[in-house]
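Take a look at the structure below.
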Amino acid sequence: MAEAAVSFLLERLADLFDELEFHTDVHKEVERLQDELRRIRCFLRDADAKQDEDERVRNWVSDIRDVAYDAEDLIDRFIMNNDPLKKKKNHFIKKCTSYVKGWKQRSKIAEDLMAIRSRLQDISASRETYGIQNVGEGTTAAGETLRKLRRSSPRGEERDIVGLEDDTAKLEFSARDVLQRVIRQIASPRERLETLTDEELEDLVYENLRRKRYLVVLDDIWSTNAWDCLKKAFPVDRSNGSRLLLTTRNKNVALHVDPQTTPYDLGFLSKQNSWELFCKKTFIDGTDTSCSPILEEIGREIVERCAGLPLAIIMEGMSVNGRVKQCRLHDLLRDLSISKAKTENFLQIPGNENIPSLTRCRRHPIYSDSHLSCVERLSPHLRSLLFFRVVSRVRYRYFIGRNVYGFCELSGVKFDYITRNFKLLRILELEGISCSSIPSTIGELIHLSYLGLKETNIQVLPSTLGSLCNLQTLDIAGNLHLRIIPDVICNMKNLRHLYMCGHSGGHLRIDTLKHLQTLTEIDVSRWKQNNTADLVSLRKLGIRGNLCSDTIKIFDSISALLQLRSLYLRAEGAEFPSLVQLGSLRSLIKLHLRGGISQLPSQQDFPPNLSQLTLEHTQLEQESIEILEKLPKLSILRFKAESYSKEKLTISADGFPQLEFLEFNSLESLHEFKIEENAVPRLESFLIVNCKGLRMLPEEMTFVATLHKLVIEEMPKVFVDRLQGEDLHKVQHIPLIKFI
């Protein structure tokens with residue numbers, strides 16, 4: 001995180017040259033600070049990865065991060081304070097006043113940048129003062145191995161150590177764990193073993209074994225380095241009959257431990273013993289009495305491949321015994337992520353936080369009305385404020401169907417407080433939050449790069465949105481009551497992603513947005529108002545409306561977008577016109593068509609590189625399937641609601657040669673599905689959802705050998721029972737079958 005903070009600060013310093021005029025002193029100070037940051041960044045690449053293992057490194061990295069944040073705040077506030085001054089040019093006195101103020105501010109930032117650089121130099125110097133200059137060696141497994149092997153011992157001979165950079169498996173596990181376990185078994189230590197150093201543990205083992213007759217067994221020593229880190233703890237005295245027995249999978253380890261002794265090779269299990277061990281690990285009763293002849297044949301093939309190796313047989317047996325195959329660590333990973341985010345001052349999760357932690361926080365989420373009260377305690381340096389709708393997708397559909405949008409309501413007063421007090425915000429996410437209007441002060445958040453207003457039930461957008469010159473993403477999708485959008489989006493020269501709501505009307509100019517890459521759900525009337533040939537960066541486009549009105553102009557404008565990779569077309573009020581012109585879109589890989597289609601274009605008139613196709617309400621017939629199955633690069637095909645109108649759907653022989661994913665979703669008319677010989681030879685996943693009329697899967701499913709995932713969701717009980725009973729043979733070769 002510290003390296004990321006420093007890298008971002010370097011970008012912000014570079015932006016200053018483009019945005020503002022500096023006098024020489026400021027210019028030089030910025031360059032000096034950039035040089036210092038670049039030197040520190042090289043070291044941070046190692047330090048960031050090792051701070052979890054060394055508190056000194058962790059504190060040093062934290063200091064660097066704090067300085068980077070302070071410098072970032074300094075730059076952002078300077079830009080914010082200078083922005084209004086650019087506009088005061090209508091009066092001579094105001095011009096003079098602005099010039100004086102600007103000169104003072106530039107002098108002040110030069111001093112502040114000098115202070116920042118001085119702090120960085122002090123922190124950099126402290127690295128050597130506190131002995132953390134060799135972070136490259138670190139305390140990872142490889143570094144710990146290196147440290148232990150270099151350590152001198154009064155009982156052992158020194159050896160030259162060359163090139164021990166590679167990690168040794170499980171070494172960090174062992175040196176302490178093994179010694180502690182040995183001590184507990186051979187003595188009753190009074191000391192707390194956890195408080196002893198590695199050297200003290202070695203001495204304790206050595207003294208307890210010295211002049212005694214002992215047998216110590218160390219199981220599964222993986223590497224020579226592992227043994228080298230342990231051997232100093234064991235006295236070398238063969239005269240009293242003491243012995244040390246090691247097991248290892250690596251014969252070289254055994255020869256390294258004692259070159260004068262021939263290692264004892266354990267023999268392999270016989271076929272019968274292998275089968276008995278496999279049955280113990282596979283079947284509940286530990287025998288093959290409950291095993292069907294078919295399963296026994298498969299099981300014996302598995303055992304034969306294990307070649308008599310006990311561990312391989314055990315692992316194979318456990319993998320097919322019907323026990324839990326997945327371990328989901330959601331809560332553990334969540335807690336770990338939250339802890340890490342809090343430690344690095346990256347994100348504060350609402351809860352029992354104290355006021356100091358909130359004032360240092362730079363990113364904060366809000367989950368419910370009860371968390372709104374903490375907004376007034378947040379730091380004015382806040383960069384991200386995220387409002388989340390905590391509700392399941394099913395409940396969300398229920399509420400939306402009843403025009404209930406907000407599960408957390410943001411009042412106009414609270415919204416105004418946010419826009420007036422968090423001037424450095426870059427991310428403001430309000431998806432699903434009820435806020436009928438946006439205050440005009442939103443235009444003062446000039447650093448904002450992301451504004452999420454999806455499904456917020458807003459009715460009015462202020463014209464001050466046009467002041468957000470740094471905005472890169474604007475999301476206003478899903479707002480059914482938003483009718484008028486002010487014609488100011490054309491001023492957002494840096495906008496890259498615009499997610500529209502297709503219901504609003506009025507003129508909207510967008511052809512000035514040279515960097516626009518995503519434009520979704522724009523009404524076709526607005527699309528026609530613009531010179532869309534200027535949208536040279538557009539990669540993803542979604543258009544809805546009556547596409548039969550001025551068809552030639554619409555499709556000519558779309559076909560001119562040579563960089564387009566994803567296209568969504570929704571025909572409203574009439575069927576789709578001819579789609580032949582889409583064939584010129586050579587970069588298009590994703591196509592989503594929603595609306596009636598009387599005739600698909602021929603195979604040659606489809607985009608040549610199309611790999612993903614979604615159909616919805618298209619009412620296609622079998623003739624269209626015969627066209628689609630010839631598309632040479634189609635790998636993903638989704639049939640959504642009412643996309644197919646006939647009772648029977650057949651995939652012809654050799655059809656869909658590259659198809660990997662197939663979805664049938666809400667096809668009410670479909671009763672029968674058939675696959676002919678050699679069809680879908682690459683199919684890997686098949687999803688069937690809510691197809692109430694579908695009676696069964698085709699017999700030919702048995703021959704789709706590549707299929708490894710079948711998902712059955714919201715299907716009738718009769719269909720599910722049949723698939724688990726008399727039709728089981730059709731799908732029993734599929735490794736993963738899910739019923740939802």
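Here is the figure for the range 445-462: residues that are surrounded by 19 or more Cβ atoms within 10 Å (Cβ to Cβ), modelled with pLDDT under 90 and either outside any loop (DSSP other than H, G, I, E, B) or among the charged types (D, E, K, R) (or both) total 1. The number of residues in the range 244-279 that are in a strand (DSSP E or B) and surrounded by 11 or more Cβ atoms within 10 Å (Cβ to Cβ) comes to 2.
Only one entry in I589, I625 is farther than 18 Å from F664 by Cβ, β-branched (V, I, T) and modelled with pLDDT of 95 or more, namely I589.
Kindly indicate whether K212 is part of a loop (DSSP other than H, G, I, E, B) and within 19 Å of Q185 (Cβ to Cβ). Answer is yes for this residue.
Of the residues making up the range 712-733, those that are crowded, with 16+ Cβ neighbours inside 10 Å and either closer than 15 Å to L687 by Cβ or of a type in the set (F, W, Y) (or both) are I712, M715, F719, L723, V731. Residue check: is W222 under 45 Å from the mean Cα position of the chain (by Cα) and in a loop (DSSP other than H, G, I, E, B)? Yes, satisfied.
Restricting the search to the range 596-624, which residues are under 36 Å from the mean Cα position of the chain (by Cα) and either buried (at least 20 other Cβ atoms within 10 Å of the Cβ) or of a type in the set (A, V, I, L, M, F, W, C) (or both)? Listed by number, the residues that qualify are F606, P607, L610, L613, L615, T618.
Cβ separations smaller than 7 Å between residues 6+ apart or across chains give no pair from the range 425-447 residues that are without any contact (Cβ under 8 Å) to a residue 12 or more places away in the chain to residues that are among the hydrophobic types (A, V, I, L, M, F, W, C). Of all the residues in the range 717-740, those that are under 33 Å from the mean Cα position of the chain (by Cα) and among the β-branched types (V, I, T) number 4.
The residues of the range 241-253 that are modelled with pLDDT of 85 or more and either among the basic types (K, R) or over 44 Å from the mean Cα position of the chain (by Cα) (or both), listed by number, are S242, R243, L244, L245.
The number of residues in the range 299-340 that are more than 29 Å from T248 (Cβ to Cβ), exposed (fewer than 13 other Cβ atoms within 10 Å of the Cβ) and modelled with pLDDT of 70 or more comes to 7.
Inside the range 493-507, residues that are at pLDDT 90 or above and surrounded by fewer than 22 Cβ atoms within 10 Å (Cβ to Cβ) make up a count of 5. Scanning the range 561-586 for residues that are closer than 18 Å to Q612 by Cβ, modelled with pLDDT under 95 and either touching a His at 6+ places or on another chain (Cβ under 7 Å) or surrounded by fewer than 17 Cβ atoms within 10 Å (Cβ to Cβ) (or both) turns up Q563, R586. Of the residues screened, S525 is not one that is crowded, with 16+ Cβ neighbours inside 10 Å, closer than 18 Å to A477 by Cα, in contact with a Ser or Thr (Cβ under 9 Å, 6 or more places away or on another chain) and polar (S, T, N, Q). When the residues of the range 225-240 are filtered to those that are surrounded by 10 or more Cβ atoms within 10 Å (Cβ to Cβ) and of a type in the set (S, T, N, Q), the one that is farthest from the chain's Cα centre (by Cα) is N240. Of the residues making up the range 711-736, those that are touching a residue at least 24 places away in the same chain (Cβ under 8 Å) and closer than 20 Å to L667 by Cβ are V711, I712, E713, E714, M715, P716, F719, R722, L723, D727, K730, V731.
The values are calculated or read from the model by the stated rules, or taken from the named source; none is laboratory data. All figures in this text were calculated on a predicted structure; none of them were measured in a lab. When we count neighbours, we look across all protein chains shown, and the Cβ atoms used for this are built from the backbone with ideal geometry, even at glycine.
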